[in-house]
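**Student:** Can you read through this structure? Questions will come right after.
The values are calculated or read from the model by the stated rules, or taken from the named source; none is laboratory data. Computed from a predicted model, the values in this text were never measured in an experiment. For accessibility, only protein heavy atoms count, side chains too; no ligands or nucleic acids. Shrake-Rupley method; radii C 1.70, N 1.55, O 1.52, S 1.80 Å.
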Amino acid sequence: MELRQIRHFIAIVEEKNFALAARRVCISQPALSRSLRMLEATLKARLIERGPRRSVPSVAGERFLP
């Protein structure tokens, strides 16, 4: 687990959108998705529920956020 992955996760939660979060942290959207997948693999939990217009934290994501 890396600090940048946690920052990426927080950006997704706050922006509720992968494209906006990627722009905020100055990386491409595919790189942001890859970073989140690596964090989820490390924690063995899905942290974000992805939707067509919004992405919101899952139950595990809500627990991890604080």
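**Student:** Give the distance, in whole Å, between the Cα centre of the stretch 1-16 and the Cα centre of the stretch 24-50.
**Tutor:** Their Cα centres are 8 Å away from one another.
**Student:** Would you please give the residues with an amide H less than 5 Å from that of Leu47, counting only those at least 5 places away or on a separate chain, with H modeled from the backbone geometry?
**Tutor:** Amide H neighbours of Leu47: none.
**Student:** Would you mind working out the accessible area per residue for the chain, using a 1.4 Å probe, and quoting it in Å²?
**Tutor:** Spelled out: the 1.4 Å probe surface of the chain, per residue, equals 65 Å².
**Student:** Among (i) 25, 24, 19; (ii) 34, 23, 20; (iii) 37, 25, 17, which is the computed Cα extents along the principal axes in Å?
**Tutor:** (i)
**Student:** Ignoring everything except DSSP H segments at least 4 long, calculate the 222 nm mean residue ellipticity for the chain; use -39,500 (n - 2.57) per segment, divide by total residues, nearest 500.
**Tutor:** So the helix-based figure for the chain works out to -19000 deg cm²/dmol.
**Student:** Non-local amide H neighbours of Ser55 (under 5 Å, H modeled in plane, Pro and chain starts lacking H): which ones?
**Tutor:** Placed amide hydrogens put Asn17 under 5 Å from Ser55.
**Student:** With θ taken as phi - 60° and the coefficients 6.51, -1.76 and 1.60, list the Karplus ³J(HN,Hα) couplings across the stretch 17-26 in order, rounded to whole Hz; mark glycine and proline as x.
**Tutor:** Going residue by residue, I get 7, 5, 5, 5, 5, 4, 4, 4, 9, 6 Hz, with x marking Gly and Pro.
**Student:** Also, I was wondering about something else. For the chain, give the percent of accessible area contributed by carbon and sulfur heavy atoms, probe 1.4 Å, rounded to a whole number.
**Tutor:** Values: 2340 of 4290 Å².
Here it works out to 55 percent.
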